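Have a look at this one.
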Amino acid sequence: MDTTQALAKLKALVNTSLHYTKDVYDRERLEEMKEILLELSQNLTSYSEDELEAFFNEDLGYVTPKVDVRAVVFEDNRLLLVKEKAEGRWSLPGGWADVGYSPAEIAQKEVREESGLEVMPLQLFKLVDKAKHPYPKSLNYVYKLFFYCEAKTFEVQPGLETSEARFFSREEVVNLQNISEDRNTRDDLLDAFEFHEHPTAGAKFDHVQ
């Protein structure tokens, strides 16, 4: 476990304990621990003070992993990617899960908002723990869900958060330089091609060691 993951886990334990404790003295000690963790995070990570303040105070109640949903959409043998305005890099359409929507509904909504396409999610084909794969380090503990979707329309257009949307061949993905690694690695994209060409009954996931 690296430093960022350790700090995030300690923060989750402290926030969860703060939610459940009824002892005023325990609460005081936990609040002091939280302040110490914040100071450690400022010294040991490159995140800004504002980012860390928001992170340490965002969770209420029992702290659980955040859920990132990604949609895999093909036109023939070409994969849909969108370019995020925020960083100018390519990724599968998707984003954080919203309250009030099922994961499949999130996949459908994100594709519509980021590419203009209407799709039907058919299968969850991959579910991974972000911390167990070579994504950039993150303070948030994240589960990533990948849905294989069938396209109902094919006229792409960028949305409010995207500047471009288009379909890529496998060769283009292999040589693509500006991939949004925080949203999906190149291996995620190649796994999408593999599933498209050789569908399996179950989802790929992190097995217990």
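Under 8 Å for C-alpha pairs, at least 6 residues apart: give me the relative contact order for the chain, rounded to a whole percent.
That works out to 23 percent.
Taking R0 as 25 Å, what's the FRET efficiency between Leu160 and Val99 from their Cβ-Cβ distance, rounded to 0.05?
0.80
So, one more: Please work out, to two decimal places, the log10 of the ratio I(q)/I(0) at q = 0.32 Å⁻¹ from a Debye calculation in which every Cα of region 30-69 carries one identical scatterer.
Reported log10 I(q)/I(0), two decimals: -1.11.
Taking the Cα centre of the chain as origin, work out the dipole magnitude from +1 charges on Lys and Arg Cβ and -1 charges on Asp and Glu Cβ, in debye rounded to 20.
Numbers: 25 positive and 40 negative charges, 95 e Å.
Magnitude of the dipole: close to 460 debye.
Pick out, in residue order, every one of the GluC sites (Glu not before Pro) in region 106-138 that is DSSP loop and has at most 16 other C-beta atoms within 10 Å; say none if there are none.
Passing both the DSSP loop test and the Cβ count: Glu118.
Under 27 Å Cα to Cα from Lys85, which lysines show up? Leave out anything in the same chain fewer than 8 places away.
Filter leaves Lys66, Lys109, Lys126, Lys130, Lys137, Lys144, Lys152.
Considering the chain as a Gaussian network with a 10 Å cut-off on Cα pairs, which listed residue, Ala165, Ala54, Ala71, attains the greatest mean-square fluctuation?
Sorting by GNM fluctuation, first place goes to Ala54.
Search the structure for amide H atoms under 5 Å from the amide H of Val119, placed 1.01 Å from N in the peptide plane, and list their residues when 5 or more places away or on another chain.
So Val119 has HN proximity to Lys152.
Could you give the accessible area per residue of region 1-58, probe 1.4 Å, as a whole number in Å²?
Value for region 1-58: 68 Å² per residue.
Something else: In the chain, once you exclude exposed trypsin sites (Lys or Arg not before Pro) (DSSP loop, at most 12 other Cβ within 10 angstrom), what's the longest stretch remaining?
The longest uninterrupted stretch comes out as 23-151.
Let me ask another. Note the angle between two axes, namely the Cα long axis of helix 3-20 and the longest principal axis of the Cα atoms of the chain, as a number of degrees from 0 to 90, rounded to the nearest 10.
60 degrees
Taking the alpha-carbon centroid of each part, what is the distance from region 41-88 to region 89-142 in angstrom?
Comparing the Cα centres of region 41-88 and region 89-142, I get a distance of 10 Å.
Based on the Cβ-Cβ distance of Lys22 and Glu58, what FRET efficiency does E = 1/(1 + (r/R0)^6) give at R0 = 25 Å, to the nearest 0.05?
0.60
Still on this structure: Apply the Karplus parameterisation 6.51 cos²θ - 1.76 cosθ + 1.60, with θ equal to phi minus 60°, to every residue of region 202-209 and state each ³J(HN,Hα) to the nearest whole Hz, in sequence, with x for glycine and proline.
x, 7, 6, 8, 7, 7, 5, 7
For labels at Ala86 and Gln177 in the simple 7 Å Cα→Cβ model, what's the distance in nm?
In this crude spin-label approximation the distance works out to 2.4 nm.
Follow-up question, since we're still on this one. If each of Asn43 and Ser169 carries a label point 7 Å out from its Cα toward its Cβ, how far apart are those two points in nm?
Taking the simple label geometry, Asn43 and Ser169 are separated by 5.5 nm.
Give me the percent of the accessible area of region 35-186 that comes from carbon and sulfur atoms, probe 1.4 Å, all protein chains in place.
On the way: 3900 of 8000 Å².
That share works out to 49 percent.
The values are calculated or read from the model by the stated rules, or taken from the named source; none is laboratory data. Keep in mind that this is a model prediction, so the values were computed, not measured. Quick reminder, even Gly has a Cβ in these numbers, built from the backbone with ideal geometry, and neighbours come from all protein chains shown. With ligands, DNA and RNA removed, areas are computed over all heavy atoms of the protein, side chains included. Shrake-Rupley method; radii C 1.70, N 1.55, O 1.52, S 1.80 Å.
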